[in-house]
Structure formats: structure tokens, C-alpha cells
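S.K.: One structure coming up, written as C-alpha cells, with questions to follow.
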Number of protein chains: 4
Amino acid sequence: MSTPDHLFHFSTEVRVRLPETDAMGIVFHGTFFTYLEVGRVDYLRNLGLAEGVRPIKDFENLVVSGHLDFKSPARYDDPLVIDVRMREIRGSSFTFAFCIRHKPENRVVALGQTTHCAVDAELRPIRVPDRFRDVIAAYEGWSAE
Amino acid sequence: MSTPDHLFHFSTEVRVRLPETDAMGIVFHGTFFTYLEVGRVDYLRNLGLAEGVRPIKDFENLVVSGHLDFKSPARYDDPLVIDVRMREIRGSSFTFAFCIRHKPENRVVALGQTTHCAVDAELRPIRVPDRFRDVIAAYEGWSAE
Amino acid sequence: MSTPDHLFHFSTEVRVRLPETDAMGIVFHGTFFTYLEVGRVDYLRNLGLAEGVRPIKDFENLVVSGHLDFKSPARYDDPLVIDVRMREIRGSSFTFAFCIRHKPENRVVALGQTTHCAVDAELRPIRVPDRFRDVIAAYEGWSAE
Amino acid sequence: MSTPDHLFHFSTEVRVRLPETDAMGIVFHGTFFTYLEVGRVDYLRNLGLAEGVRPIKDFENLVVSGHLDFKSPARYDDPLVIDVRMREIRGSSFTFAFCIRHKPENRVVALGQTTHCAVDAELRPIRVPDRFRDVIAAYEGWSAE
């Protein structure tokens with residue numbers, strides 16, 4: 001089950017804060033992973049899959065990889081749109097895709113993805129629960145092939 | 001010119017992000033200075049005193065002191081209200097006061113202030129420009145004693 | 001029991017990292033609280049009072065206030081010395097004092113303090129344990145008046 | 001010109017700071033890009049290619065992509081080794097490879113790479129200067145094929 005690369009049904013927004021920039025005058029590249037975190041949690045909250053004390057309710061997850069391609073710089077006070085979608089859910093892992101755009105200029109700032117592993121309390125991999133799969137498949141419009 | 005301690009006409013909101021917390025399970029105390037920065041810029045933007053590339057348009061400023069009293073912890077995903085006001089403008093310095101509240105519980109999380117010095121391009125103190133004083137005095141309801 | 005303001009027996013060092021600076025070209029003022037944290041933990045580790053999983057072994061603590069006066073800017077890659085001492089231990093609270101200096105120029109960058117409250121697992125104040133007091137009093141040279 | 005994947009001639013060390021962890025009890029994944037920055041600058045400084053005000057002297061650079069695979073968690077106060085090498089220098093881009101290891105356990109925490117583009121003052125791509133290539137080729141032991 002997966003979603004075509006160009007389709008995003010969900011987006012959220014942040015405005016660049018001063019400490020997120022660096023002395024080069026632009027947003028430090030590592031900061032963008034914080035923006036992805038904001039986007040991911042808003043995506044899950046919108047589907048009723050997040051709860052206050054944990055990013056995902058019902059199970060824990062570990063980030064197993066993160067990747068970002070930086071297309072253009074973002075600066076202090078820039079309003080940014082974070083497009084978020086679930087790209088794929090496999091046995092115990094799932095991958096979010098992101099596009100970060102400069103809002104007034106509609107310019108792509110970064111493209112990326114993060115892959116997560118569902119784990120139990122001892123951080124051992126578990127199968128991604130069906131309810132999580134079903135809610136996301138319905139939202140992303142995945143047909144139950 | 002100053003404003004009584006209990007009066008805030010302006011507030012903005014943030015939601016605690018995961019990297020703003022630490023392994024103690026609560027927001028790292030230094031992170032609150034980032035929230036004060038967000039509140040301060042929103043306060044100035046609301047009065048037309050901020051602009052994209054600099055927190056204050058027309059002049060530069062340096063933070064000369066910062067103080068926070070922590071009253072209760074904030075946790076991941078907590079919605080926080082940041083009350084902001086200008087407490088005082090002197091010759092070349094000015095002091096913001098802040099109250100950070102847990103929004104649903106209306107519980108005080110932190111109280112604090114930051115003092116700033118207006119500077120020129122060589123970081124030498126200058127007198128705070130009259131226009132800045134006037135706009136803020138009008139907003140805060142300071143009588144022109 | 002307290003130590004005179006000008007005496008520091010302990011110091012540690014950091015080098016300013018790029019993401020610790022901001023678009024103003026200098027270290028973001030909130031970042032200095034991270035440097036104080038580094039100094040505080042090194043101070044306690046040096047006395048055998050820290051342990052891996054918790055900044056202070058034997059009891060938890062909450063930061064109840066933090067204050068910094070900024071004397072001169074620090075920039076990317078600057079080597080900084082963080083002088084640390086315990087200023088005072090009271091019933092359930094204790095206060096660290098700090099001086100941050102630019103190492104090659106021996107210029108004061110910031111002066112400050114943080115006050116902490118010893119707490120139990122439910123975050124209720126407890127008396128600061130005697131062992132903690134004794135080790136620090138010996139190190140700081142407090143006479144047992 | 002490139003270096004085999006398993007060879008690192010250079011490493012530096014960091015100790016995990018409290019604000020670098022999050023409420024999950026482990027280092028926030030985005031924080032590792034700060035550690036890569038520390039490693040990269042130390043690598044360049046060791047070769048005389050860094051200078052105080054800029055990560056690379058002689059030319060500016062932009063990060064064009066970053067990737068990390070997370071193999072095991074790092075926790076508060078963990079001593080980490082950051083292995084750094086230049087993997088490849090092309091026309092206007094160059095790629096660093098990294099391995100982050102838990103020092104006492106010699107356990108791999110993360111593997112990754114960052115790719116950078118050499119740019120002029122207007123952020124337009126330029127050819128990576130020969131001196132930079134030569135110094136690094138000599139250090140990494142690349143034969144001048």
C-alpha cells in the first residue's frame with residue numbers, strides 16, 4: 001500500500017524562529033527535522049492517532065532513518081508549509097514523505113522522508129497495528145488491493 | 001513609562017515540540033527563552049514594528065539580560081499561552097515581561113523578563129527611537145506623563 | 001553556607017557550534033543555558049555527584065529560576081570557558097553561579113545563576129541530602145560555621 | 001576520487017547534553033545533524049581548512065542533502081565518537097560520510113552522510129577549489145588516478 005509521490009492531502013505551517021537559524025543567515029539544516037516532527041504529529045493528530053504524552057498512541061516508534069534534500073534556503077521569519085503524507089506501511093515499519101515550501105513564494109525548500117519502526121516497551125519491533133493501517137489507508141485513499 | 005505587572009494586552013501560543021523536551025520528560029528550561037522570542041516577535045509584528053529580516057525594524061538590539069522563574073513543568077504537546085508586554089522603555093534599553101501559561105489548565109508555567117539594548121550597526125548603544133516608544137506607549141496605554 | 005562571588009574553583013570548556021548561533025551572527029541568548037547545563041554536570045561529575053542517567057544521583061531536581069546577564073557577544077567557533085561554583089545550599093534549594101568567558105580574549109561573555117529545588121519522585125520538595133551538602137562544602141571550602 | 005566505505009582516519013567526540021535528548025528518553029534524531037556538524041568542522045580544522053568565522057575558509061558551502069540511518073539509541077550523558085571522512089569530491093559538490101559510535105560499548109548509533117555544494121557570495125555553484133581537493137586527497141590517501 002502506498003501513495004503516489006506528488007499527492008499530499010495534509011499540510012501544516014510553521015514560521016521560522018530566530019534560534020532555528022544560524023550564523024550563515026539561514027535555517028540550520030538539522031532544524032528541518034524538527035519541522036518534519038511538527039508535521040508528522042499534526043498529521044497523526046488530525047486522524048486521531050496522536051495523543052498528548054506520546055506522538056503515536058497505542059504503540060511506540062523509533063526513527064530508523066531520515067533523509068532531506070535541500071532545494072533552496074529558508075530564512076528568519078519565513079512562513080513555511082509542511083506537506084505530509086504516509087508513503088508506505090510495511091510489516092513493522094512505515095515511511096512518511098514531506099515537502100517543505102516557502103509559503104508566499106510557493107518555492108520548494110526541502111523534500112524528504114523519515115522511516116519509523118513500531119516497537120514494544122522493550123524497543124523490540126512489532127507489527128504495525130491494523131487500526132493504524134486502516135485509518136491511514138482510508139485517509140490516503142489506498143485501495144485495499 | 002511602564003505598565004503595571006498584572007496587565008497583559010497581548011498573547012500568542014505555541015505547542016511544545018518533542019525536541020524542546022528533554023530526558024527528564026519536561027521542557028528543558030532554556031527552551032523557554034525560545035518561546036519568549038516567539039512571543040516578543042509576535043508582539044512587535046502585531047504593532048508593525050517587526051519585519052522579515054530583523055526582529056525589530058529601524059534598529060538592532062542586543063539582549064542584555066534574561067530571567068525566568070519556573071512555577072510548574074510543561075510537557076510534550078502541551079499548548080502554552082505566552083503573555084507579552086513591554087514593561088518599561090528607558091534611554092537605550094527596554095524590558096519585556098512574560099507569563100507562560102498552560103492553556104487548558106490556565107496554570108502558570110513560568111514568569112520572566114528580558115532586557116534589550118538598542119544598538120547601531122557597530123553594536124554601540126543608541127537612544128531607543130521615538131516612533132518605537134510612541135507606538136508601544138499607545139498600545140500599552142501609558143499616559144504621557 | 002556560601003562562597004564569595006569572585007571565587008571559582010572549577011571550569012569547563014565548550015566551543016560554539018553553528019546551530020547554537022542565529023541569523024544575527026551571534027550565539028542565541030537561550031543557548032547559554034545549555035552551556036550552564038554542561039558546566040553544572042561537569043562540576044557535579046568532578047565531585048562524583050552525577051551519574052549517567054541523571055544529572056544528580058541520589059535525588060531529582062527542578063530548575064526553579066535562571067538568570068543571565070550578557071556582557072559581550074560570542075560567535076561561531078569561539079572557545080568559551082564556563083566557570084561554575086555552588087553559591088549557596090539552603091533547605092531544599094541550591095544555587096549555582098556561572099561566569100562564561102571568551103577563552104583567548106579572557107573577556108566576560110555572560111554572568112548568571114540557576115536555582116534548583118531538590119524533589120522526590122512525585123516532584124515534591126525534599127531537604128537537600130547531607131552527603132551532597134558535605135561534598136560540596138568541602139570542595140568550595142565552606143567552613144562548618 | 002573517493003575513499004572505501006569502511007575507512008575512517010579521523011574522529012572526534014561529544015558527550016550527549018540534556019537538551020539534546022527528548023521526552024522519549026533518547027537523543028532526538030535531528031540532534032545528530034548537530035553532531036555531524038561538530039565532526040565535519042573538527043575534520044576541516046585538523047587539516048587547516050576551517051577558520052573561525054566560517055566552517056570552510058576560501059569558499060562558502062550549502063548543505064544539499066543529509067541522510068542518517070539510526071542503528072541504536074543514544075542517551076543522556078553518553079560519550080559518542082563521531083568518525084568522519086570525505087567520501088567523494090566532484091565538480092562543485094562533496095560528500096562527507098559519518099559513523100557515530102557509543103564510545104564505551106563501541107556500538108554503532110548512526111551512519112550517515114551529508115552532501116555540500118561549493119557556492120560563491122551569491123550562492124551560485126562554483127568548482128571546488130583545487131587546494132581543498134589536494135589537501136583532502138592527501139589526507140584520505142586518494143591516489144591521483
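The values are calculated or read from the model by the stated rules, or taken from the named source; none is laboratory data. Since we're looking at a predicted model, the values are computed, not measured. Cβ atoms come from the backbone with ideal geometry, glycine included; neighbour counts cover every protein chain shown.
S.K.: Of everything in the range C:114-135, what is touching a Phe, Trp or Tyr at 6+ places or on another chain (Cβ under 8 Å), buried (at least 18 other Cβ atoms within 10 Å of the Cβ) and more than 11 Å from C:Asp58 (Cα to Cα)? Give them in sequence order. Full working, then the answer.
M.R.: In the first step, residues of the range C:114-135 are kept if they are touching a Phe, Trp or Tyr at 6+ places or on another chain (Cβ under 8 Å); the result is C:114-116, C:118-120, C:126, C:128-129, C:132.
Remaining after also requiring buried (at least 18 other Cβ atoms within 10 Å of the Cβ): C:114-116, C:118, C:128, C:132.
C:Thr114, C:Thr115, C:His116, listed by residue number.
S.K.: Going by what's in this entry, would C:Glu105 be described as within 27 Å of A:Asp22 (Cα to Cα) and either surrounded by fewer than 21 Cβ atoms within 10 Å (Cβ to Cβ) or among the β-branched types (Val, Ile, Thr) (or both)?
M.R.: Taking the combined requirement at face value, the residue satisfies it.
S.K.: Take the conditions in contact with a strand residue (DSSP E or B) (Cβ under 7 Å, 6 or more places away or on another chain) and among the acidic types (Asp, Glu) and apply them to A:Asp58. Does it pass?
M.R.: For A:Asp58, the condition - in contact with a strand residue (DSSP E or B) (Cβ under 7 Å, 6 or more places away or on another chain) and among the acidic types (Asp, Glu) - is not met.
S.K.: Could you tell me whether D:Leu68 is under 30 Å from A:Glu122 (Cα atoms), in contact with a Gly (Cβ under 6 Å, 6 or more places away or on another chain) and crowded, with 16+ Cβ neighbours inside 10 Å?
M.R.: yes
S.K.: Also: When only residues in the range B:10-27 that are under 30 Å from A:Glu51 (Cβ atoms) and in a strand (DSSP E or B) count, which is farthest from the other protein chains (Cβ to nearest Cβ)? Full working, then the answer.
M.R.: Narrowing the range B:10-27 to residues under 30 Å from A:Glu51 (Cβ atoms): B:11-27.
Add one more test, that the residue is in a strand (DSSP E or B), and what stays is B:11-15, B:21, B:27.
On the way: B:Ser11: 16, B:Thr12: 11, B:Glu13: 12, B:Val14: 9, B:Arg15: 8, B:Thr21: 4, B:Val27: 9 Å.
Among those residues, the one meeting the criterion is B:Ser11.
S.K.: Looking at the range A:41-60, can you tell me whether even one residue there is of a type in the set (Phe, Trp, Tyr) and under 27 Å from D:Tyr35 (Cα atoms)?
M.R.: No, the range A:41-60 contains no residue that is of a type in the set (Phe, Trp, Tyr) and under 27 Å from D:Tyr35 (Cα atoms).
S.K.: Right, another one. Output the residues belonging to the range D:136-145 that are surrounded by 15 or more Cβ atoms within 10 Å (Cβ to Cβ) and at positive phi.
M.R.: Residues satisfying the conditions do not exist here.
S.K.: Only one residue in D:Ile100, D:Ile82, D:Ile26 is crowded, with 21+ Cβ neighbours inside 10 Å and out of contact with any helix residue (DSSP H, G or I) (no Cβ under 9 Å at 6 or more places or on another chain). Which one?
M.R.: Checking each option against the conditions leaves just D:Ile26.
S.K.: If we only count strands (runs of 3 or more DSSP E) wholly inside the range B:36-145, which ones have 1 or more residues that are modelled with pLDDT of 95 or more, within 14 Å of chain C (Cβ to nearest Cβ) and more than 25 Å from C:Thr115 (Cα to Cα)?
M.R.: Once the strands (runs of 3 or more DSSP E) in the range B:36-145 are filtered for at least 1 residues that are modelled with pLDDT of 95 or more, within 14 Å of chain C (Cβ to nearest Cβ) and more than 25 Å from C:Thr115 (Cα to Cα), what remains is B:93-102, B:107-119.
S.K.: Something else now. Please work out if D:Gly30 is without any contact (Cβ under 8 Å) to a residue 24 or more places away in the chain, of a type in the set (Gly, Ala, Ser), within 11 Å of another protein chain (Cβ to nearest Cβ) and within 21 Å of A:Val64 (Cα to Cα).
M.R.: Values: without any contact (Cβ under 8 Å) to a residue 24 or more places away in the chain: yes; of a type in the set (Gly, Ala, Ser): yes; within 11 Å of another protein chain (Cβ to nearest Cβ): yes; within 21 Å of A:Val64 (Cα to Cα): yes.
Yes.
S.K.: Against the definition (out of contact with any helix residue (DSSP H, G or I) (no Cβ under 8 Å at 6 or more places or on another chain) and surrounded by fewer than 16 Cβ atoms within 10 Å (Cβ to Cβ)), how does C:Glu60 come out, yes or no? Step through it out loud before you land on a result.
M.R.: Values: out of contact with any helix residue (DSSP H, G or I) (no Cβ under 8 Å at 6 or more places or on another chain): yes; surrounded by fewer than 16 Cβ atoms within 10 Å (Cβ to Cβ): no.
No: the conditions fail for C:Glu60.
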